[in-house]
1. Can you find a residue that is crowded, with 18+ Cβ neighbours inside 10 Å and in contact with a helix residue (DSSP H, G or I) (Cβ under 6 Å, 6 or more places away or on another chain) anywhere in segment 133-140?
2. Restricting to segment 61-93, name every residue that is part of a strand (DSSP E or B), touching a strand residue (DSSP E or B) at 6+ places or on another chain (Cβ under 8 Å) and without any contact (Cβ under 8 Å) to a residue 24 or more places away in the chain.
3. Determine if segment 17-37 includes at least one residue that is modelled with pLDDT of 85 or more, under 20 Å from residue 139 (Cβ atoms) and surrounded by 14 or more Cβ atoms within 10 Å (Cβ to Cβ).
4. Select from segment 7-46 the residues that are closer than 15 Å to residue 60 by Cα, in contact with a helix residue (DSSP H, G or I) (Cβ under 7 Å, 6 or more places away or on another chain) and not in a helix (DSSP H, G or I) and list them in ascending order.
5. Please list, ordered by first then second residue, the pairs with beta carbon atoms under 6 Å, 6 or more apart or interchain, first in segment 18-44 and closer than 28 Å to residue 119 by Cβ and not assigned by TED's automatic domain parsing to the domain that holds residue 120, second exposed (fewer than 14 other Cβ atoms within 10 Å of the Cβ) and modelled with pLDDT under 85.
6. I'd like to know if segment 56-64 contains one or more residues that are under 18 Å from residue 142 (Cα atoms), surrounded by 12 or more Cβ atoms within 10 Å (Cβ to Cβ) and modelled with pLDDT of 85 or more.
7. Can you say whether residue 124 is under 13 Å from the mean Cα position of the chain (by Cα), farther than 13 Å from residue 91 by Cβ and either in a helix (DSSP H, G or I) or in the same structural domain as residue 77 (by TED's automatic domain parsing) (or both), as far as the supplied structure shows?
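The values are calculated or read from the model by the stated rules, or taken from the named source; none is laboratory data. Here the structure is a predicted model, which means the values were calculated and not measured. Cβ: placed from backbone, ideal geometry, glycine included. Neighbour counts: every protein chain shown.
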C-alpha cells in the first residue's frame, strides 16, 4: 500500500508580522549612494547597479518577519517566506520572555544563548527545547506571543 502524504490542517491561534524599519533605513543610504554613483560615474555603472540590486534583495528578504503559532507548531519566516523555520510545540520545554543585547543584534545568527531570529528591537522569546537547543525569536509583540505559545502548549498537553 502506498505511503500517504496527507498533512493534517493546522489551526492558527496567533499571527504577527513585524517590519524592520531600522534595518530598512540602514540599507536605504547605501542603496541611494550606489545608485548615485552608478548615475554619475559611468565606469562603475554596472558594478553599482549590481550592488544596488544586492542591497535591494537583502532589504526585501530581511525587512519583515512573521511568526505564527498553531495548535501544533511555532512557525517563523522572513520576507516573502524566505528562511522558514518551525518548532513542534511538543518539543518545547520552556518559553520565557527575555531581552537581547545590542551585541546580539538583529538578523539571523548564532548567539551564546542559541539561534537568534530578529528584525528589530530587543524583546525576544527565549525557547528551550527538550533536546537542550535554544532559539530566540525577536518580536515587538513578545507578551502576546508568549501567551499564545503557553496556551497552545497547555491545550496540547490536555489532549
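1. Yes, there is a match, as at least one residue in segment 133-140 is crowded, with 18+ Cβ neighbours inside 10 Å and in contact with a helix residue (DSSP H, G or I) (Cβ under 6 Å, 6 or more places away or on another chain).
2. Just the residues of segment 61-93 that are part of a strand (DSSP E or B), to begin with: 64-70, 73-78, 82-88, 92-93.
Narrowing the set further to residues that are touching a strand residue (DSSP E or B) at 6+ places or on another chain (Cβ under 8 Å) leaves 64-70, 73-78, 83-88, 92-93.
Residues satisfying the conditions are 75, 77, 84, 86, 88.
3. yes
4. The answer is 20, and nothing else.
5. none
6. So the first thing to find is which residues in segment 56-64 are under 18 Å from residue 142 (Cα atoms), and the list is 64.
Filter again for surrounded by 12 or more Cβ atoms within 10 Å (Cβ to Cβ), leaving 64.
Going one step further and asking which of them are modelled with pLDDT of 85 or more, we end up with 64.
Taking every residue of segment 56-64 in turn, at least one turns out to be under 18 Å from residue 142 (Cα atoms), surrounded by 12 or more Cβ atoms within 10 Å (Cβ to Cβ) and modelled with pLDDT of 85 or more.
7. Working: under 13 Å from the mean Cα position of the chain (by Cα): yes; farther than 13 Å from residue 91 by Cβ: yes; either in a helix (DSSP H, G or I) or in the same structural domain as residue 77 (by TED's automatic domain parsing) (or both): yes.
For residue 124, the condition - under 13 Å from the mean Cα position of the chain (by Cα), farther than 13 Å from residue 91 by Cβ and either in a helix (DSSP H, G or I) or in the same structural domain as residue 77 (by TED's automatic domain parsing) (or both) - is met.
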